[in-house]
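The values are calculated or read from the model by the stated rules, or taken from the named source; none is laboratory data. In this text the structure is predicted, and so the values were computed from the model without any measurement. Reconstructed Cβ throughout: ideal geometry from the backbone, glycine too, with neighbour counts over all protein chains shown.
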Amino acid sequence: MSVIRRISCWIVRRYTTTWMIIFFLISFIFLWLFNVSLFPISNQELIKLSGHQGMLDRMFFYSAQDAFTALKNYGALGRKLYLAILFTDFFFIIVYNLAFSFLITAILLIICGNGSAWLKLNVIPFGMGFFDCIENICIVVMLKIYPLNSKIIGTISGLATLCKWVFALVLLSCLIYSGILIFLHCFGFWKYTIKR
């Protein structure tokens with residue numbers, strides 16, 4: 001059995017609507033804390049400290065030089081804050097991975113039924129989470145070694161960020177497409193025809 005199939009089966013076995021809702025609620029709390037709140041551990045605070053630089057995580061792609069410039073703009077307090085945010089973000093990665101994996105599982109169980117090969121799509125969030133972890137590790141290393149610069153780590157970080165967002169777009173496309181199928185089915189325009 002392949003690694004992807006094993007992970008997919010593990011997700012299906014543990015999926016419940018209750019757990020999915022819990023993980024999404026925790027994810028929304030994290031998103032609010034990091035992006036909207038005025039708490040000391042938020043992107044808003046980092047933007048204030050850095051003169052509108054904000055987190056590298058929010059960019060679609062950046063070069064090594066862009067990363068070094070951002071680190072400089074953060075200042076000592078901003079770099080310290082970013083480290084705290086990143087260490088908390090590792091927990092957020094686990095939470096949103098499980099939330100979206102369970103959501104895709106729920107949708108595919110409706111459309112395809114249990115045992116379908118399509119259920120392996122529920123591992124897509126783990127691809128996004130994998131590159132999110134690589135990105136975080138690289139940024140942590142760059143923050144720790146500052147003012148030294150590593151072009152290799154900066155480049156890997158930018159590429160990991162790009163890959164993270166590509167996986168996010170794939171995930172969003174899958175959710176939109178399956179949502180449209182369910183909508184069409186509910187209104188009688190389409191019947192589930194995928195082999196169960």
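How about segment 1-66: which helices (runs of 4 or more DSSP H) wholly inside it have at least 1 residues that are within 29 Å of residue 147 (Cα to Cα), touching a Gly at 6+ places or on another chain (Cβ under 9 Å) and touching a residue at least 12 places away in the same chain (Cβ under 8 Å)?
Once the helices (runs of 4 or more DSSP H) in segment 1-66 are filtered for at least 1 residues that are within 29 Å of residue 147 (Cα to Cα), touching a Gly at 6+ places or on another chain (Cβ under 9 Å) and touching a residue at least 12 places away in the same chain (Cβ under 8 Å), what remains is 43-50.
Would you pick out the residues in segment 41-58 that are under 21 Å from residue 159 (Cα atoms) and of a type in the set (Gly, Ala, Ser)?
Scanning segment 41-58 gives a single hit, 54.
When the residues of segment 132-189 are narrowed to those that are among the aromatic types (Phe, Trp, Tyr) and over 30 Å from residue 82 (Cα atoms), which ends up modelled with the highest pLDDT?
The extreme case among them is 177.
Restricting attention to segment 110-146, report how many residues are farther than 24 Å from residue 79 by Cβ, touching a residue at least 40 places away in the same chain (Cβ under 8 Å) and part of a helix (DSSP H, G or I).
Final tally of qualifying residues: 13.
Name the one entry in 96, 74 that is assigned to a helix (DSSP H, G or I), buried (at least 20 other Cβ atoms within 10 Å of the Cβ) and in contact (Cβ under 8 Å) with a residue 60 or more places away in the chain.
Going through 96, 74 in turn, just one is assigned to a helix (DSSP H, G or I), buried (at least 20 other Cβ atoms within 10 Å of the Cβ) and in contact (Cβ under 8 Å) with a residue 60 or more places away in the chain: 96.
Out of the residues in segment 147-190 meeting the condition of being outside any helix (DSSP H, G or I) and touching a helix residue (DSSP H, G or I) at 6+ places or on another chain (Cβ under 6 Å), tell me which one is surrounded by the fewest Cβ atoms within 10 Å (Cβ to Cβ).
Among residues in segment 147-190 that are outside any helix (DSSP H, G or I) and touching a helix residue (DSSP H, G or I) at 6+ places or on another chain (Cβ under 6 Å), the one surrounded by the fewest Cβ atoms within 10 Å (Cβ to Cβ) is 190.
Give me the pairs: first residue in segment 148-168 and under 10 Å from residue 132 (Cα atoms), second residue among the aromatic types (Phe, Trp, Tyr), beta-carbon distance under 6 Å, and six or more apart or on different chains, which are they?
160/131; 162/61; 163/131; 164/131; 165/60
How many residues does segment 145-181 hold that are more than 11 Å from the chain's Cα centre (by Cα) and under 17 Å from residue 66 (Cα atoms)?
17
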